[in-house]
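First the structure, in the form of structure tokens, and then the observations on it.
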Amino acid sequence: MTEQSNELSFKISTGLKNIIGRDLISDKYIAIFELVKNSYDAGASKVDISFVKDENGNDQIVISDNGSGMSYEDIVEKWLFVAYSEKSPKNRDKSSFRDEIKREVAGAKGVGRFSCDRLGALLTLVTKTDSDVLASEVIVNWNDFEIDDTQEFVNIPVQYSTRKKLPSNFTKGTTLIVDALREPWSRNDLLRLKRSLMKLISPDANKGELPFDIELIVPSQQENDNKTLKKPGINLDRDIVNGIIHNDIFEKLNIKTTSIEVSISPDGELITSKLTDRGEYIFSVVEKNRRFFGLHDITIVVFYLNQSAKNSFTRQMGGVQPKNYGSVFIYKNGFRINPYGEPGQDFFGIDQRKAQGWKRFLGTREIMGRISIKGDNDQFIETTSRAHGFIQTPAVDMLANFFLEKVLKVLEKYVVTLIGWGEPLKSDPEHIISPNEVGEQIVAQFITSGVPKDIVSVDYNPAILQKTNDPNSSDNIAASLKKLESVAERTQDSSLINLAQTLKERTQSIISHNIQLEEENAKQGKALVQIQEESSAREKQIYFLKGTSNQNVQNLINGFHSVYTLTDAIKGNIAYLKELLSPLELNNKESILSILTLIYQSNEKANKLADLAIHGNQALKQSGANSIYDFIRQYIDTGLVSSSLKYELEPENEPFCCKFDSTCVGIILDNIISNSIKAGATTLHIQLSESNKYVEIAFSDNGIGLAENVDPASLFEWGYSSNRVKKGFGIGLYHIKQLIEEMKGTVEIDASYQAGFRLIVRLRK
């Protein structure tokens, strides 16, 4: 038998069409995204997405751009060449593609054209270049590929012809007409498409050499749009279908809050960090990239969402809260990579980290931003499904680490450590800490915190050194001064040299001033002691009322601390007396317990007032109808509650105004939190709602819950302690009920709640 050697080749079934078309593209929105990307890659400055009727009244989708268009040769050799992409790195050198469009490409798989199949069964492609006299027309019936999957792909013909001009108003470019739509498009679908397209486009898309606009055109919805425009509180992005689509939300946030921008140079050699606070430039640092060598041409911009920024966002987005919009989006060459940034999606593990230290770390609800990956960056590869992000590569893991170390931690250091979250001071709601007040600390903690040999240059806003809130800050400056001077000498950076000199002069000034103060204090020491000894009670009272002496204010705080300690001890003594009284048979037992209750209530109020004074939280003392949401939020954020619980408060950004006494509510919160901790809970969920007469506050924890044999109503009785709170004295819930009834409210236990313990409080509006 003679051996034979033959060359074989693959045969491609028509079934391939579905695999790379409808099966690949997960939904109709992704399909349109792919076609918009193609327009962008073709160098278009404008793409129109139209939902119209054909001459027979049938629905069709028309996508037209003013890009470079395609010649007959392009259609035959490229567009009809399945999975061939002129945009892929290996094929770019074979054409003038990059020179023509002057853009890095958004797609490079060569299958985006099959997105049309996901939208409709019939496609008409009309395209024209600048040099063509006639436009080329190709008609594809996708159903022809589904008749017999034993047929080969190449044997299914497509129709070609020419026409005089494009169907659009453009003189060049490409128009895709999709007929026999596979799904209807409702007004809600169109609004969702518009909002999704707004997220799809990078905010940096229009900052390059070519602009890029997307317009949604739906004549059938124009009348509805006109009616909607007459309603109050309309948001064009959320409520109106027709119009130009831009992604400018980050620009709107810019002046409201703190932002950090960190970029890696195109060659990957340098990292530049720039910090801005409420529209004021703070500093920038350029350093060598020694750790993240696998990354290049990447820019990250992240905004800290203080309450002002959240409110601004919600207002400009027509009621959409930041948490429902998204967090940190990733864009590659101008277009978003799904699903990064979606609500609930936490690629960087931000919320998991926050759960470990919620007072010290920022979560997805506190930040919003974007990561822009430019250039080739071929190590960032989209998954084939187009909706599941990047394929896991070392570069993707390195990006996550870079974001944490160089962006998030730096932003946290400024927002949390230095400016106290950028919110109004609890002791003075009108005052928000400014960069000027912590200027020297900014210099000490940021500019000199890097490795000296890696710092290339430093720039800063000189105005941030004009004022400091810490007269002893010279210690911090002195500690970093030598380090800063060595960096300045090595780099010979003029701004850095000036900075070092400024700090040196200021440090010397502060030290000199302190010496003068010490000498003056020594001279007047005896006289001061004598004055203090001779001060009468009335004089002391005057100082107390005026609050003009820092020393007396400190003594006052110390006194409140003593009150706080004593009231805490009294609480324990009352509990001990209750235990002693419980087994005794006394005629006047109830009277004694009643007296103890009154003592306990008064003691708790004194305890809370002392606590508020110590923490400078007097601004929380309220009367009349006020925002109960703001009070609870401030109470938690101030740190007056236990840190062993994770607190969930919702909904956000709604005042829920009602009549309450802040001291009483503070005591109620403390008792509820204490009971939850004793019950082994790790999370306390606080849900607010309102009716015509009441604001309802539901407190739910994930503790051990109620024992089966417990009557919920009995828990509000004096001295009754459930099996749930083994260490309880039977006073807390009784006291809660008394305080709530004082405020004309009601309280009840939700006995049907199975996931832990649920208490419902209702306060009058």
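Remark on Phe329: its backbone amide H falls under 5 Å from those of Gly369, Arg370, Ile371, a criterion applied only to residues 5 or more positions apart or on other chains, H modelled at 1.01 Å from N.
Separation of segment 649-670 and segment 110-184, taken as the distance between their Cα centroids, equals 61 angstrom.
Rg and Dmax of segment 188-311, based on Cα coordinates, read 18.9, 59 Å.
Please work out the Cα center distance from segment 49-78 to segment 327-364, rounded to the nearest Å. Cα centroid to Cα centroid, the span is 37 Å. Annotation for segment 138-178: trypsin sites (Lys or Arg not before Pro) lying in DSSP loop with at most 15 further Cβ atoms inside 10 Å of their Cβ are Lys164, Lys165. With neighbour counts taken as other beta-carbon atoms within 10 Å, the residues Ile686, Ile381 rank, fewest first, as Ile381, Ile686. Put in order of Cβ neighbour count within 10 Å, fewest first, the listed residues Cys116, Cys664 become Cys664, Cys116. Taken over segment 150-224, the convex hull of the Cα atoms encloses 221 Å³ per residue.
Summing charges over all other residues whose Cβ lies under 12 Å from the Cβ of Phe293, with Lys and Arg as +1 and Asp and Glu as -1, gives +1. Peptide packing for 262-271, 225-234, 71-80 was compared via the average number of neighbouring C-beta atoms within 10 Å per residue; ordered from the highest value, the list is 262-271, 71-80, 225-234. When the C-alpha to C-alpha distance is required to be over 32 Å, the pairs from Lys194/Lys659; Lys646/Lys737; Lys28/Lys646; Lys227/Lys323; Lys409/Lys765 that qualify are Lys194/Lys659; Lys28/Lys646; Lys409/Lys765. Panel values: segment 249-420, Kirkwood radius from alpha carbon pairs, Stokes-Einstein at 37 °C and 0.692 mPa s, translational diffusion coefficient 199 µm²/s.
All of the numbers you see were taken from the coordinates with simple rules; none came from a lab. Just so it is clear, the structure is predicted and the values come from calculations on it, not from any experiment. Note: ideal-geometry Cβ built from the backbone for every residue, glycine included; neighbour counts use all protein chains shown.
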